[in-house]
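Laboratory data are not the source of any read-out in this text; all were calculated from the coordinates shown. Being a predicted model, the structure only gives us computed values, none of them experimental. All Cβ positions, glycine included, derive from the backbone under ideal geometry; neighbour counts span all protein chains shown.
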Amino acid sequence: MAMSLDLFVKEMRELMIPSNVYIMDGSQEEAERLVSIAQKSEVDGRVVLKELNDDEYPNSYYHRSNPNDVARTEHLTFVCTVLKEQAGPNNNWMDPNKAKEKMMGFFKGAMKGRTMYVIPFVMGTPMSKYAKNCVQVTDSVYVALSMRIMSRVGKQAIERIGSSSDFFRGIHSIGDVNPDKRFIMHFPQENLVMSFGSGYGGNALLGKKCYSLRIASYLGYQEGWLAEHMVIMGVQSPEGKVTYFLGAFPSACGKTNLTLLEPVFKGYKIWTLGDDIAWINIGEGGRLYAINPESGFFGVASGTGVNTNPVMMKTLKNNKFYPTLFTNTAVDNSNNTPWWEGVSNDIPSHLSDWQGCKYDRNSGKPAAHPNSRFTVSIYNCPTLSPEYDNPRGVPISGIIFGGRRKDTIPLVYETKDWSSGVFAASIIGSETTAAASGQLGNVRRDPMAMLPFCGYSMGDYFQHWLNIGKRVKKPPKIFMVNWFRKDEDGKFMWPGFKDNSRVIKWMLDRIEGKTGVRECEIGLFPQEGSIDLSGLDIKEKTMQKLLKIDRGEWKKEISMIEEFYAKFGDKIPVDLRNHLYALKEKF
Ligand code: OXD
Ligand code: MN
């Protein structure tokens, strides 16, 4: 269904019958106007935006969502390919015609009495040949403003699109924020997403998970590149050389903290390029190059503080880009600042919780929603890499994969080669967190941290990864990490946060061939003493436990992997199957 921008807007207007249509130009005046509209509008009884203390948090506004709309809803998220098997067992599937019929029923007249915001945007720096043109319509001014932070909205997008019909179309309405009428439908074969009934980031900012991961992963599969749930960062050594890494972790495993890390070693520095999504192409010299298609952070507030992520705290207080949004945090009424668990040690005495009620500190519940978020421009980040806007991306030397596991998985190891790395990434497990609704704390398999975001069958996705490896000239080294291993008393054994830079320094040494490894059952382990622990109070025995392979745990792990692989039947590539046999032999 090829369709120019004008025609798309016309169709949307006829379908949803808004009282106004507003096409965004991306200007500063526009942002100010939309903020002022948001301050005067209500969505189901809540004012959309409230200004926060401008001295403490410049240009910042507060949003409280409907309590039923605080996280991604994976059970309501569908990939609607022509054939069910194209979506794979990793996705909910619906026949595209049936899905459209259902959604059209919801969208019909949905914007009566509302403004339809038309958001032309580019994912990726507009000069880049890897960037993509997109348009989203929405009736949420909060979504419109958030999109302005997270992507390049306005004139440049309109110019790039011109009269072409080659752009992503995102159709969004919050409806009446009713979970019974909430669906996020993806049509990868038509470059189209329809989302109804939610204003939450991952469900409603369609440039993010919906386009830049689910749809883009499918495009990448067709076109020979990768769209991944990954951070991008540069690690600068004391000699001034910058080595670029990608890192994939399931939601709420500290991706954002990792990419804004201040290393514990003098002379080292981490440059930030992205905290959530990487588009990876084979570029110059046959190497992998990555760009971040986004231009902002939609980060988890809870747990963010000067101890855990000082650079993010600076980012949130930097007023370069207008506006910054806080969603579902608590509010300290004594000075009108957003508050969340982890931002300060003591609980303020005049606190409203994330639902606006006076906070009862004896309730046992957190004041901020555990998935409370900030939406802030990446240009506010003091460690933003000078290469961030480089249209060719940055050349990648290492890929880090991880999950949140209290046992089994060691602190760090390197995989022998690309195909062993793909295998290790395909078997990542992680304990579930608050970023998606559902049960917390179960281990679920989350290959490449892409289980909720891969827009096609994961068996094909694994094969695509293996194929990319065959085409790359100098494949990056692949590392596995687990910052979250616990001891018998349930305490984290590794301090994490800035001390993770010790592990990253080891990876850098490996990339530069400065340190050797010892080969174990599952991969290449650090030689004793090769992780720099200077200044850290950690016992030798704890380090041994952090790197321990427990045969019993691995036996269990392997049977879980077999169960997971079985879901994909013969779609699992032979290479990966062979890796699994070989692993099983060892235990
Ligand atoms: C996110 C997520 O919001 O992964 O980034 O859930
Ligand atoms: Mn994410």
No solvent, one uniform scatterer per C-alpha: report log10 I(q)/I(0) for the chain via the Debye equation at q = 0.05, 0.06, 0.12 1/Å, two decimals. -0.20, -0.29, -1.24
If one compares the long axis through the Cα atoms of helix 5-16 with the longest principal axis of the Cα atoms of the chain, the angle in degrees, nearest 10, works out at 70
By per-residue mean of other Cβ atoms within 10 Å, what is the highest-first order of 320-326, 349-355? 320-326, 349-355
What distance in nm separates the two pseudo spin-label positions at Asn319 and Leu7, each 7 Å out from Cα along the beta-carbon direction? 4.7
Longest site-free stretch - the chain; sites: GluC sites (Glu not before Pro), DSSP loop, at most 10 other Cβ within 10 Å: 240-487
Classify region 297-379 as rounded, prolate or oblate, taking a ≥ b ≥ c as the square roots of the eigenvalues of its Cα gyration tensor: rounded when a/c is under 1.5, otherwise prolate if a/b is larger than b/c and oblate if not. prolate
What fraction of the DSSP beta bridges in the chain is antiparallel, stated in percent and rounded to the nearest 5? 65
Between Glu553 and Val21, what length in nm is gained on full extension when 0.36 nm per residue of separation is reduced by their alpha carbon distance? 185.7 nm
For Arg114, what residues show an amide H to amide H distance below 5 Å, using hydrogens built from the backbone and excluding near sequence neighbours? Ser19, Asn20
Net charge of Cβ neighbours under 14 Å - reference Gly88; Lys, Arg +1; Asp, Glu -1: +2
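Taking a ≥ b ≥ c as the square roots of the eigenvalues of the Cα gyration tensor of region 356-450, is the shape rounded (a/c under 1.5), prolate (a/b larger than b/c) or oblate? Show your work: numbers first, answer last.
Details: a/c = 2.96, a/b = 1.28, b/c = 2.32.
Oblate, because a/c is 1.5 or more while a/b does not exceed b/c.
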Computed ³J(HN,Hα) along region 489-500: with the Karplus parameters 6.51/-1.76/1.60, θ = phi - 60°, integer Hz and x for glycine or proline, the list is 8, x, 9, 4, 8, 9, x, x, 6, 5, 6, 4
Estimated FRET transfer efficiency (Glu51, Val82; beta-carbon r; R0 41 Å; 0.05): 0.30
³J(HN,Hα), Karplus 6.51/-1.76/1.60, whole Hz, each residue of region 95-102, x for Gly, Pro: 4, x, 5, 5, 4, 5, 4, 4
Each residue of region 367-379 in order: what ³J(HN,Hα) in whole Hz does its phi give by Karplus 6.51 cos²θ - 1.76 cosθ + 1.60, θ = phi - 60°, with x for Gly and Pro? 7, 8, 5, x, 9, 5, 9, 10, 10, 9, 5, 5, 6
Going by the alpha-carbon gyration tensor, a ≥ b ≥ c the square roots of its eigenvalues, is region 432-587 rounded (a/c under 1.5) or, if a/c is not under 1.5, prolate (a/b greater than b/c) versus oblate? prolate
For all pairs of alpha-carbon atoms in region 530-587, what percent lies in each bin of width 5 Å, listed from the first bin to the last filled one? 4, 14, 20, 15, 11, 11, 11, 8, 5, 1, 0
Counting sequence-distant residues (5 or more places) and residues on other chains, those with an amide H built under 5 Å from that of Ser344 are none
Listed by chain and number, the residues whose amide H is under 5 Å from that of Ile428, excluding neighbours fewer than 5 places away on the same chain and using placed H, are Asp446, Met448
Could you work out the helix-only [θ] at 222 nm for the chain, with each DSSP H run of four or more residues adding -39,500 (n - 2.57) and the total divided by the number of residues, to the nearest 500 deg cm²/dmol? -7500 deg cm²/dmol
Taking the 0 to 90 degree range and rounding to the nearest ten, how far is the long axis of helix 551-566 tilted relative to the main principal axis of the chain, both from C-alpha atoms? 40
Assuming R0 = 25 Å, what is the FRET efficiency of Asp489 and Asn333, from their Cβ-Cβ distance, to the nearest 0.05? 0.05
Treating the angle as unsigned and between 0 and 90°, give the value, to the nearest 10°, between the Cα long axis of helix 574-586 and the longest Cα principal axis of the chain. 40
